[in-house]
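Written below as structure tokens is the structure these notes are about.
The values are calculated or read from the model by the stated rules, or taken from the named source; none is laboratory data. Just so we're clear, the structure is a prediction, and the values are computed from it rather than from any experiment. Methodologically, a virtual Cβ is constructed for each residue, glycine included, from the backbone with ideal geometry; neighbour enumeration extends over all protein chains shown. Ligands, DNA and RNA are stripped out before the accessible areas are found, and what is left, the full protein with its side chains, is counted by its heavy atoms. Shrake-Rupley method; radii C 1.70, N 1.55, O 1.52, S 1.80 Å.
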Amino acid sequence: MSSVISTNQDRAESPRGITFADWWPLARGVLWAGIGYLIGTLLVAFIEFSLNGRGHGSLASPRELTVGYIFGLIGWFMGIGVWEGWVKPSFGGEETWINKGVGRYFRFGTEAKATATRYTIFAIATFFIAGMLAMAIRIDLLSPHGMFFANKEQYNEAFSIHGTLMLLAVAALAILGGIGNFMLPPMIGARQVVYPKLMGISSWFVPPAVIAVAMSPMVGGYESGWMGFPPLSTLGGTGIIFYFMGGATLLLSSWAGAINFVATMVFMRAKGMTLSRVPMFVYGIASASVLLIIFVPYTASAFLFNLFDMVVGTQFYALKGGLTLAYQDMFWWLFHPEVYVFVLPAWALWLEIIVVFSRRSLFGRGWAAAGFVGIVAISGAVGVHHFFTQVGDVRLPIIMGLTEMVSVPTGFFYLAAIGTLWGGRIRLTSPMLLVLMSMVNFLIGGLTGVFNSDVPANLQIHNTFFVIGHFHYTILGGMLFTWIAALYYYFPKVTGRMVNEFWAKFHAWWFFIFFNFTFFGMYIVGIDGMNRRIATYLPYLQPMNEWISINAFLLGAGFLIPLVNLVYSYYRGPIASTNPWGGKTLEWQMPSPPPYENFPFGKDPVVVADFYNYEENAPDPVIWVESKQST
């Protein structure tokens, strides 16, 4: 998962608390990013003035914003430690950086737990930023004519930023970046990853991208939603530059992590860990990573081509002489598979948690593995259903069939989960409760997704609030519930303490009730004809919008409960044992909290049996042998 800021071990390493040397790289990164951005914008302004003999009176032209962002990003990376930890040593210089202690959380480093911690903190912070925008949107929609934003442009900017941050910086990175980086290495018996520096830099892509997207209204904003479709993207404000640059940066974060995950899973597994013994969560991470490795270049290229149209003057997507619709093809090549990047690790966590809390052997493991393979194989071919209203008839039946076919491998996960639950001795802990709720939510989202994939129904509900309800049930219902379940599940391992179960369960029910009250209402107003991305609506829809908004406010306020619970439990929670839940996978063999190295150098794990066998007299899946490495 990710630790909450640091571990108890870090406190022992730094009894005097955080020192100037610990946080200086982070502060230096912010300073150098600002200087780099200013240099980039001024450089472009100077060149344009030299060529044209006049300036345009601001430092917010598309060229200035683009070059300023690139220079700022370079300054940011150099400042947070890439200079000492990667660049200088690559040219024969001495490594003058710290990779241990509290300071490793505030600078570039090669330790997976620190990377996971940063990802989780960044995801939580971004979630609350995007969540506040969602609350502002729901305040505005209390009235048919708006009651919060000064104009419709501000409303458009708010939902555009909300969607971009929630999807690219929270849903895409919270489980993969946070839980994945912390737990994948120990789950396969690895002490380190294959590309530690690539992993170390991946989390540092997130802050500048989030800040750029969030601050885009200050440089003109963008009103194209989280997708940036042309020609709307080129007709709005110049803040769209920060959308393209920030979005590409977040995609690079995902891509860098994906390369490292796949390589580590292939090359760093413990002896005896055959593919039939690899933990399900590792399969979920690897499957999502394969999708990212294949499809991120397509959509990143679409972002760059659109950027070139605005900055260089090309006409890739121009209304005259360009291929405007090609952007949507390139965009959805990734962003429909991206839905499975969000949920495949979550489904794998369902099985990890259900097995432990039902005390029953995993049912249909082979079918679950086939589900991973099936979704990876099919998901890249179904993105056209997002724009059925804009394509030729010849594509409609083929894509409709492929889209509906995805439900088959998805059903394999439900088969494995329900089969494991059947007859199990279920302990209804907070992680288990949230997983069961996630299964219910995603089932609703999946069933309503059939209407989106069916051409006649799609043509009626396209661009309505029905679609918003659907993807919130699949993404929030499938991923966010599971993320919080995983935070509770792995909290004792990461921090050495237990969360407060009463408040964890209280929030689970709060979350489930108000989530369904909020987003099921969106199905209703969508069927009644309420369009998405429109700041006004007809008065007959106001009562239902009031219901949705009030429940959304209660839903949003409820997220303070797990935040306070996690922070309080980190300091005051009951001391946890090494394996409080009774899990059999390798991460539970480490001390709680885990040491800097995942396993002591004196012993190596050898996998000799299935991790998910909970039958009576089942053999221990791991034995420990003397390590061949020198101490």
Using the structure shown, decide if residue 587 is under 30 Å from residue 512 (Cα atoms), assigned to a helix (DSSP H, G or I), charged (D, E, K, R) and not assigned by the TED database to the domain that holds residue 423.
yes
Criterion: surrounded by fewer than 19 Cβ atoms within 10 Å (Cβ to Cβ), under 27 Å from the mean Cα position of the chain (by Cα) and either polar (S, T, N, Q) or in the same structural domain as residue 327 (by the TED database) (or both) - qualifying residue of 370, 416
370
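Table: residues versus (1) in contact (Cβ under 8 Å) with a residue 12 or more places away in the chain; (2) aliphatic (A, V, I, L, M); (3) part of a helix (DSSP H, G or I).
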site	(1), (2), (3)
387	yes, no, yes
402	yes, yes, yes
417	yes, yes, yes
423	yes, no, no
427	yes, no, no
431	yes, no, yes
434	yes, yes, yes
458	yes, no, yes
477	yes, no, yes
When the range 323-364 is checked residue by residue, the ones that are free of Cβ contacts under 8 Å to residues at least 60 places away in the same chain and over 20 Å from residue 168 (Cα atoms) are 323, 326, 363, 364
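Can residue 438 be described as over 21 Å from residue 128 (Cα atoms), assigned by the TED database to the domain that holds residue 340 and within 27 Å of the chain's Cα centre (by Cα)?
On the way: over 21 Å from residue 128 (Cα atoms): no; assigned by the TED database to the domain that holds residue 340: yes; within 27 Å of the chain's Cα centre (by Cα): yes.
When the stated conditions are applied, residue 438 does not pass them.
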Open to solvent by 20 Å² or more (accessible area, probe 1.4 Å), among the polar types (S, T, N, Q) and assigned to a helix (DSSP H, G or I), is that true of residue 287?
no
Specify the residue that is nearest to residue 459 (Cα to Cα); the eligible residues are those in the range 530-550 that are under 27 Å from the mean Cα position of the chain (by Cα) and open to solvent by less than 70 Å² (accessible area, probe 1.4 Å).
532
Just give me the residues in the range 244-297 being farther than 15 Å from residue 348 by Cβ, of a type in the set (Ser, Thr, Tyr) and under 15 Å from the mean Cα position of the chain (by Cα), in sequence order.
249, 253, 254
Looking for something farther than 20 Å from residue 531 by Cα and in contact with a Pro (Cβ under 9 Å, 6 or more places away or on another chain) - is there at least one such residue anywhere in the range 466-482?
yes
Within the range 18-57, the count of residues that are open to solvent by 40 Å² or more (accessible area, probe 1.4 Å), among the hydroxyl-bearing types (Ser, Thr, Tyr) and within 16 Å of residue 242 (Cα to Cα) comes to 1
In the range 133-160, residue surrounded by the most Cβ atoms within 10 Å (Cβ to Cβ) [restricted to those that are in a helix (DSSP H, G or I) and free of Cβ contacts under 8 Å to residues at least 60 places away in the same chain]:
158
Any idea which of (1) of a type outside the set (Phe, Trp, Tyr); (2) out of contact with any Phe, Trp or Tyr (no Cβ under 9 Å at 6 or more places or on another chain); (3) closer than 22 Å to residue 176 by Cβ; (4) buried (at least 20 other Cβ atoms within 10 Å of the Cβ) is the one residue 377 doesn't satisfy?
(4)
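Only residues that are touching a residue at least 12 places away in the same chain (Cβ under 8 Å) and open to solvent by less than 10 Å² (accessible area, probe 1.4 Å): list them for the range 83-110, please.
Pass one, the range 83-110, residues touching a residue at least 12 places away in the same chain (Cβ under 8 Å): 84-86, 96-103, 105-110.
Selection gives 85, 103, 108, 109.
Is it the case that residue 115 is within 30 Å of residue 222 (Cα to Cα), surrounded by 22 or more Cβ atoms within 10 Å (Cβ to Cβ) and β-branched (Val, Ile, Thr)? Working first, answer last.
Working: within 30 Å of residue 222 (Cα to Cα): no; surrounded by 22 or more Cβ atoms within 10 Å (Cβ to Cβ): yes; β-branched (Val, Ile, Thr): yes.
The answer is no for residue 115.
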Quick check on the range 172-182. Is at least one of its residues assigned to a loop (DSSP other than H, G, I, E, B), within 26 Å of residue 331 (Cβ to Cβ) and open to solvent by less than 10 Å² (accessible area, probe 1.4 Å)?
yes
In the range 448-473, anything among the hydroxyl-bearing types (Ser, Thr, Tyr) and open to solvent by 10 Å² or more (accessible area, probe 1.4 Å) is listed as 448
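Could you check, for the range 195-203, whether at least one of its residues is in contact (Cβ under 8 Å) with a residue 60 or more places away in the chain, outside any helix (DSSP H, G or I) and within 30 Å of residue 598 (Cβ to Cβ)? Even if it seems obvious, please write down each step before you answer.
Narrowing the range 195-203 to residues in contact (Cβ under 8 Å) with a residue 60 or more places away in the chain: 195-203.
Now drop any that are not outside any helix (DSSP H, G or I), which leaves 195.
Now narrow it down to the ones that are within 30 Å of residue 598 (Cβ to Cβ): 195.
Looking through the range 195-203, at least one residue is in contact (Cβ under 8 Å) with a residue 60 or more places away in the chain, outside any helix (DSSP H, G or I) and within 30 Å of residue 598 (Cβ to Cβ).
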Can we say residue 527 is surrounded by fewer than 24 Cβ atoms within 10 Å (Cβ to Cβ), more than 16 Å from residue 353 (Cα to Cα) and out of contact with any Phe, Trp or Tyr (no Cβ under 8 Å at 6 or more places or on another chain)?
no
